[in-house]
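Q: Here it is: the structure, laid out below.
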Amino acid sequence: MSDYQKIIPIANQILKKHELCDQCLGRLFSKKLHLSSNKLLGKKLQKNNHSIKKCYICKNLFENLNHFLKIMFDVSSDYCFQTFSVGAIIKPSIIDRDDCIRSQYKLRGIDSIKTDITKELAKAFSKKTKHIIDNRNPEFIFTINFKDESCQIHSKSITLSGRYIKSIRGISQKQKSCENCSGKGCRICNFHGIIEFDSVEGMISQFIFKKLGGTVAKFTWIGGEDKSSLVLGHGRPFFVKLQNPHKRKLRLTSKFFNSLKINNLKIVTDSPKKPLKFISSIKMRIRIESPIEIKNLKKLKDLINSPVVVYDVSGKRSEKKILSVNYKKTSQNEFSLSIKADGGLPLKRFVNGDNVSPSISSIIGSNSKCHEFDFLDIEV
Ligand SMILES: [Zn+2]
Ligand SMILES: [Zn+2]
């Protein structure tokens, strides 16, 4: 007896008690027979090909698939993506009846009705749009709610990297978050988490929103600077994760604003998991209390020999290497200091000696203050 002949009595037994649609009937046996179309198998198994009034399990949900397919087209029309998956929220009563039939007739290893309906919708959507079904790591996710006929969508975030060059003083690196939502995104800030766009963060965000759509842009900075600092050379690297992007491709790679240039902007697989090591070339203007003596400035060269120890607020200790030191007296009480150092050295504290040792103040033997610093380059 073939597998097909073996299942006929079971199918008949079920049909004697319950009306089932082709799709639900076929699903109960297709895995066992290694068939791909539940519908065709169901049709074949129906007795006397009578017309079904109402499927006991799904209440004819499958007749309505085109309606949900249309909703999927509508909600995704503004998005560009290649891969997608479909999830579903289904009335518990449907799932209960499905479970009941499966356990009553000991039908193991078959798709649940939820799996089947999402598979059918994904197949139909893929056929029409040529998008690829990917249940592991889709770019776009539909969650169809069959209870209220709504559809939620999720566009997987993308990460970009780039560098910025700041050639005019007076631009903050970071943008203040929207006060209403603390940066999470709300109606007031148009779901961007920020309202103003006058910082490095704001200008880059605005540009990205314009090019790729999206809601919140989350930055990972490779170091930071003051509002009054310049960032020159190749610029400061950054990573930015864009939530809910509408587009996932970017052609343009550099952009000039009035005072800011973005370079090498490109889509990357992910932000760095660990903090990136980098080396900064910095020029500082330092003022000291007592008149400058050259013999004291000469001592600054010793900084190259041993690392600078930095304690942060929590008491965590870290060491930063100074790779080169050059100084120039510019007036009685002022000199400029150019150093190449491990990234992340807190420059103002390095000068005045606040929980940093040795510091410029301690080496020179006089209270020193850094009142301006610029980044000449940053190497990763
Ligand atoms: Zn059904
Ligand atoms: Zn907000």
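Q: Looking at region 238-283 only, could you name the residues that are surrounded by 14 or more Cβ atoms within 10 Å (Cβ to Cβ) and within 30 Å of residue 328 (Cβ to Cβ)?
A: Within region 238-283, 259, 260, 261, 263, 278, 279, 280, 281, 282, 283 qualify.
Q: Here is a further query. Anything in region 75-96 that is more than 15 Å from residue 117 (Cα to Cα) and not in a loop (DSSP other than H, G, I, E, B)? List them, or say none.
A: First pass over region 75-96, keeping only residues more than 15 Å from residue 117 (Cα to Cα): 75-84, 93, 96.
Residues satisfying the conditions are 75, 76, 83, 84, 93, 96.
Q: Would you mind stating whether residue 286 is in a strand (DSSP E or B), away from ligand 1 (no atom under 16 Å from the Cβ) and either β-branched (Val, Ile, Thr) or buried (at least 18 other Cβ atoms within 10 Å of the Cβ) (or both)?
A: On the way: in a strand (DSSP E or B): yes; away from ligand 1 (no atom under 16 Å from the Cβ): yes; either β-branched (Val, Ile, Thr) or buried (at least 18 other Cβ atoms within 10 Å of the Cβ) (or both): yes.
It is true that residue 286 is in a strand (DSSP E or B), away from ligand 1 (no atom under 16 Å from the Cβ) and either β-branched (Val, Ile, Thr) or buried (at least 18 other Cβ atoms within 10 Å of the Cβ) (or both).
Q: Only one of (1) of a type outside the set (A, V, I, L, M); (2) within 39 Å of the chain's Cα centre (by Cα); (3) surrounded by 10 or more Cβ atoms within 10 Å (Cβ to Cβ) is not met by residue 77, so which one is it?
A: Just one mismatch for residue 77, condition (3).
Q: In addition: Could you check how many residues of region 54-74 are part of a loop (DSSP other than H, G, I, E, B) and either surrounded by 14 or more Cβ atoms within 10 Å (Cβ to Cβ) or within 16 Å of ligand 2 (Cβ to nearest atom) (or both)? So that I can check it myself, show each step before the final result.
A: Keep residues of region 54-74 that are part of a loop (DSSP other than H, G, I, E, B), which gives 54-60.
Restricting the remaining residues to those that are either surrounded by 14 or more Cβ atoms within 10 Å (Cβ to Cβ) or within 16 Å of ligand 2 (Cβ to nearest atom) (or both) gives 55-60.
Residues flagged as part of a loop (DSSP other than H, G, I, E, B) and either surrounded by 14 or more Cβ atoms within 10 Å (Cβ to Cβ) or within 16 Å of ligand 2 (Cβ to nearest atom) (or both) within region 54-74 amount to 6.
Q: Collect the residues in region 144-188 that are of a type in the set (S, T, N, Q) and more than 16 Å from ligand 2 (Cβ to nearest atom), keeping them in residue-number order.
A: Looking only at region 144-188, we keep the residues that are of a type in the set (S, T, N, Q), and these are 145, 150, 152, 155, 157, 159, 161, 167, 172-173, 175, 177, 180, 182.
Scanning region 144-188 gives 145, 150, 152, 155, 157, 159, 161, 167, 172, 173.
Q: Hey, another quick one. Within region 21-52, how many residues are outside any helix (DSSP H, G or I), in contact (Cβ under 8 Å) with a residue 40 or more places away in the chain and not charged (D, E, K, R)?
A: Looking only at that region, the number is 1.
Q: Scan region 312-330 for residues that are closer than 22 Å to residue 369 by Cβ and without any contact (Cβ under 8 Å) to a residue 24 or more places away in the chain and report the count.
A: Pass one, region 312-330, residues closer than 22 Å to residue 369 by Cβ: 312-313, 320, 322, 325-330.
Narrowing further to those that are without any contact (Cβ under 8 Å) to a residue 24 or more places away in the chain: 313, 322, 326, 328.
Counting residues in region 312-330 that are closer than 22 Å to residue 369 by Cβ and without any contact (Cβ under 8 Å) to a residue 24 or more places away in the chain gives 4.
Q: Got at least one residue in region 13-30 being more than 12 Å from ligand 1 (Cβ to nearest atom) and touching a Gly at 6+ places or on another chain (Cβ under 6 Å)?
A: no
Q: Out of the residues in region 90-128 meeting the condition of being under 19 Å from residue 67 (Cα atoms) and loosely packed, with under 15 Cβ neighbours inside 10 Å, tell me which one is farthest from the chain's Cα centre (by Cα).
A: 91
Q: Identify, please: which residue in region 183-237 is charged (D, E, K, R) and part of a loop (DSSP other than H, G, I, E, B) and is, among those, surrounded by the most Cβ atoms within 10 Å (Cβ to Cβ)?
A: Once the filter is applied, the top-ranked residue is 225.
Q: So, in region 336-358, exactly how many residues are without any contact (Cβ under 8 Å) to a residue 40 or more places away in the chain and within 19 Å of residue 289 (Cα to Cα)?
A: In the first step, residues of region 336-358 are kept if they are without any contact (Cβ under 8 Å) to a residue 40 or more places away in the chain; the result is 346, 348-349, 352-354.
Narrowing the set further to residues that are within 19 Å of residue 289 (Cα to Cα) leaves 348-349, 352-354.
Residues meeting the conditions: 5.
Q: Ok, one more. Exactly one of these conditions fails for residue 167: (1) touching a residue at least 24 places away in the same chain (Cβ under 8 Å); (2) surrounded by 16 or more Cβ atoms within 10 Å (Cβ to Cβ). Give me its number.
A: Residue 167 satisfies every listed condition except (2).
Q: Give all pairs with beta carbons closer than 7 Å in which a residue from region 181-210 that is within 16 Å of residue 164 (Cβ to Cβ) meets a residue that is in a loop (DSSP other than H, G, I, E, B) and of a type in the set (D, E, K, R); count only pairs at least 6 apart in sequence or on separate chains.
A: Hits for this filter: 199/174; 201/174; 202/196.
Q: Only one of (1) in contact (Cβ under 8 Å) with a residue 60 or more places away in the chain; (2) within 16 Å of ligand 1 (Cβ to nearest atom); (3) not charged (D, E, K, R) fails for residue 55. Which number is that?
A: The single condition residue 55 does not satisfy is (1).
Q: Would a scan of region 215-226 turn up a residue that is within 16 Å of ligand 2 (Cβ to nearest atom) and free of Cβ contacts under 8 Å to residues at least 12 places away in the same chain?
A: In the first step, residues of region 215-226 are kept if they are within 16 Å of ligand 2 (Cβ to nearest atom); the result is 215-218.
Narrowing further to those that are free of Cβ contacts under 8 Å to residues at least 12 places away in the same chain: none.
Within region 215-226, not a single residue is within 16 Å of ligand 2 (Cβ to nearest atom) and free of Cβ contacts under 8 Å to residues at least 12 places away in the same chain.
Bear in mind these aren't lab numbers, they're just calculated from the coordinates by the rules spelled out. Please read all numbers here as calculations on a predicted model, not as lab measurements. We place every Cβ from the backbone using ideal geometry, glycine too, and count neighbours over all the protein chains shown.
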